[in-house]
1. Would you please put 298-310, 846-858 in order of how densely packed they are, using the mean number of other Cβ atoms within 10 angstrom per residue and starting with the highest?
2. For the residues 106, 273, 726, what sequence is obtained by ranking on other C-beta atoms within 10 Å, fewest first?
3. Between helix 445-457 and the chain, what is the angle of the helix's C-alpha long axis to the longest principal axis, kept within 0 to 90° and rounded to the nearest 10?
4. Over 14 Å, how big is the tail of the calculated P(r) for the stretch 766-858, in percent of all Cα pairs?
5. In nanometres, what is the gap between the two model label sites at residue 646 and residue 125, each 7 Å from Cα along Cα-to-Cβ?
6. Per residue, how much space in cubic angstrom lies within the convex hull of the C-alpha atoms of the stretch 457-516?
7. Would you mind classifying the stretch 489-621 by shape? Square roots of the alpha carbon gyration tensor eigenvalues, ordered a ≥ b ≥ c; an a/c under 1.5 is rounded, otherwise it is prolate if a/b is larger than b/c and oblate if not.
8. Can you tell me the 0 to 90 degree angle between the C-alpha axis of helix 504-522 and the longest principal axis of the chain, rounded to 10?
Ligand code: G6P
Ligand code: BGC
Ligand code: BGC
């Protein structure tokens, strides 16, 4: 008996009858049994396939797919099964589900589960040369079919929304972004693999130009089938297709899908089990006929599992067996025909007809005669057995794969027993005979074998099979409706955030305006930048020595510091004290008495009581200084509003408070702004540090200006540090074109409306509030939190600026974003979390860029002051926002580089805060005072 290898199978391809004797009957039935036996799959083999497929699924979920022959486990960005509220009219284009045909549907979703409108549809046969030709041709063909179908409907030509049912393995990166991995099922168009098929369809529709159609979503046919599950019986959580090809999808726990940075909820995963071909599991069940079929297929070596189950291949398997048996004289009297020897001549529908009983044998007769074969009495029966063997194996293998998915669901849901609904679709379910001896119910034989085998392999799973009503068209429309809603939300989000996205030109305009305001301020003209002289004329030269007390008021914390400046460096001991809001917004006397209380407490703790150390006072508010130790408070900022201080010399106020406290003696030598303190503190380490920058609760900058440029201060040589008070930049309306309605809301609700406009777009006290107002706006548009306004989110200051730093930190996955927001009592979806992240990014990016534009204005001023081609300068920086936000400092530096390319700017984060700087200013003052007394 000849071997039955592929070589053998090809046999003599010359159609006709044999020149030698036919085998004797016993040999022939043995040969027949041998053939049929090959399609028998044992329970053990099915379990092996189930286990191996499950292992391959779990590896791929972890992103460790072993080889191209593993299953792919492709996330589909469908995060929830339909909740029936989807509504609207949608066009659905189906390509690849049913072989050489393309279908266009018009689906109306009514938004009520009960009322379903029957979709209208039209099918188009795809010519072979289009299935194998250039990709553009295929997509042009599809868009022509689209127009042809739409022309039959009373529709406008604009604003149509389309869901693209594309049944091939694709890497999706969004609901409307999908790259084809490889063609399957008789398609092999060039120039498409590795391309975004949505873009190719959009381009084709554009080229055709008949309709303006928005391709909103691309969906795999298994997903469409699952999502189209009959309302009321679902939700189905598995979609199973056995049509020309085969595949399944199911709702996996998002946290198990490694490529998705997600920990909550579920996501639909397309298994793509067609590519499963683990030699160990499949090797024993692959027959020579399977190898021959694969060898002559369009994609040899690929989709091996599919080629044993898919409707495109069942007929071919039957043909190869029949040809083999005929060539071995067992069938058709050993005669073959050119049709029998031609690939693809036996179709699924032939197998369906021949397999059905009792009419199958008669059908077989007719089908085989059409194939030009003379059919003997027993031939038809034998052929039927071959059809049954091939289809039974297909159903069993499909069941083993489905059982693997069920086991995966048991694992991921940690459930021992599982009750689940599987939506089924595809010609193999629909075409194969509806009943067989003992099953009068109209259920396909394929389905009943599938069901029985699943029960065998996954006995703890109670599985109901729900045939899809319209091949998944409605399911695709559901996904499209969800995608359309998300796309609309994205558009609203972009529109809302667009004003926060400042262009290079806009930032350069801010820089120019700041330069103009600086020049006016220095000349003492009306300007939103007060450009306050600080009477600090030099940065430290390292010769400073002594012990100093320092106070640091105006940031997040009030600190009292003991600063020891010695040859070996600076030593700092400090204590943080709180300034309760009632004190910050009480009377000035109360505030300064509180300050002195803290000083006394600190002195006692440090054993300094009774000592009168020189004291430097970092007072981080706008003060008009008339001397190093005289500072008239111009106005409070940052939530301070203590009465009786504005217009007063705060050093006097401090001295009066000291006076009110018995037995306390303090020698207040200097009052400095925190920007100056920061510059001095960093300048002690790096003499090139001539700019001080604070981005914390508030924001501001200072820098060393040429004395000759400072109106109102005597002298025209040397330098003086200027406190810009840039927080007030734009209070004259010069920044209004950059201000958004959200900034206006924050300003109106602040205790100093109309003031500190630049600060209110940049600093820590306000960014959280800007974000909160944007979130409220997006919620009111229904974009966020399903439009549900929560009491918490309407609470002022509930969205802390530190949340921005936490939410935007790369190390924080979306899961933590969710945790932060849920603490705020916000019920949110993944999409919500993503959008909140984008809002935070837009608000903080604008803040950093505006801050960068300000620094660029300052360093360019210094460069031009010195008539330098290139300036190298350092900027001392402090402030919680700058220090803690994951990207703020980088964005500031990038903006400065872009807007001041001729300045090499080094940003030095101040380690010890400006208290040290205040002590150094005091030390310099003491040194200078000593020199004048020597
Ligand atoms: C440091 C400085 C303070 C400054 C503060 C600003 O702590 O020592 O002088 O006011 O930074 O940042 P913050 O985030 O605290 O407002
Ligand atoms: C494709 C799958 C598809 C299946 C059923 C396979 O060839 O790779 O994406 O779901 O056929 O149509
Ligand atoms: C104040 C500045 C201070 C800045 C940073 C602003 O509100 O007006 O004086 O430098 O905050 O703390």
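Coordinate-derived values only; no laboratory data. The structure presented is a predicted model; accordingly, all values stated were derived computationally and were not measured. Note that we place each Cβ from the backbone using ideal geometry, even for glycine, and neighbour counts take in every protein chain shown.
1. Packing order, densest peptide first, comes out as 846-858, 298-310.
2. Ordered from fewest to most neighbouring Cβ atoms within 10 Å, 106, 273, 726 come out as 106, 273, 726.
3. 60 degrees
4. Cα-Cα pairs of the stretch 766-858 separated by over 14 Å account for 65 percent.
5. With each label point 7 Å from Cα toward Cβ, the separation is 8.6 nm.
6. It is 189 Å³ per residue.
7. prolate
8. The two axes meet at around 10 degrees.
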